[in-house]
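Novice: Let me begin by handing over the structure; questions about it come next.
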Amino acid sequence: MPRMRPAGDAIGIECARLFRAFAVMLGAATASLVLHYAARLAAASVTQGPGERAAAIAALERERDAALKALQASIRQQRRQAIERARSALARPHFRVAHPADRRSPLVRLPEQVSPICRPSRPRRSRRVPIRSP
């Protein structure tokens, strides 16, 4: 049987998982953005004339740097929110669920607990099956 961990361990493990997931997301999004701007820079260096080329490349590099900063800030903010949600969810008290073998199981409804809306309007009749004698 696995050893029960304190709530702090569970929160730490979940936060570590979130950090790792958001690090992977940040790396993938950064790589995609860098490739996008690399293609744009290559196109600008081929299609522009020599005088316009330097200005276009400098403008694209500034745009790329601003986009990278915005992307990093956005993913860091999402990570912070996800970690706050996970910490608050794991810090809440957990409710005990009754075992199905318990007499007072929440899964079993007694007839008096059934609401009148769920009761059938007329009693169901059972089918009569003829019994053959041997």
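Novice: Going through 53, 40 one at a time, which residue ends up being part of a helix (DSSP H, G or I) and either modelled with pLDDT of 90 or more or open to solvent by less than 60 Å² (accessible area, probe 1.4 Å) (or both)?
Specialist: 40
Novice: What are the residue pairs meeting all of these: first residue in segment 58-86, first residue closer than 16 Å to residue 23 by Cβ, second residue surrounded by 11 or more Cβ atoms within 10 Å (Cβ to Cβ) and charged (D, E, K, R), Cβ atoms under 8 Å, and 6 or more apart or on different chains?
Specialist: 86/14
Novice: Now for a different question. Is there a residue in segment 64-80 that is assigned to a helix (DSSP H, G or I) and at pLDDT below 80?
Specialist: No; the residues of segment 64-80 include none that is assigned to a helix (DSSP H, G or I) and at pLDDT below 80.
Novice: Against the condition surrounded by 10 or more Cβ atoms within 10 Å (Cβ to Cβ) and modelled with pLDDT under 95, how does residue 95 come out, does it pass?
Specialist: When the stated conditions are applied, residue 95 does not pass them.
Novice: Next up: Determine whether residue 82 is open to solvent by less than 70 Å² (accessible area, probe 1.4 Å) and out of contact with any helix residue (DSSP H, G or I) (no Cβ under 8 Å at 6 or more places or on another chain).
Specialist: No, not satisfied.
The values are calculated or read from the model by the stated rules, or taken from the named source; none is laboratory data. Small disclaimer: the values here were computed from a predicted structure and weren't measured. Every residue, glycine among them, receives a Cβ derived from its backbone with ideal geometry; neighbour counts consider all protein chains shown. Just the protein is used for accessible areas: all its heavy atoms, side chains included, with ligands, DNA and RNA removed. Shrake-Rupley method; radii C 1.70, N 1.55, O 1.52, S 1.80 Å.
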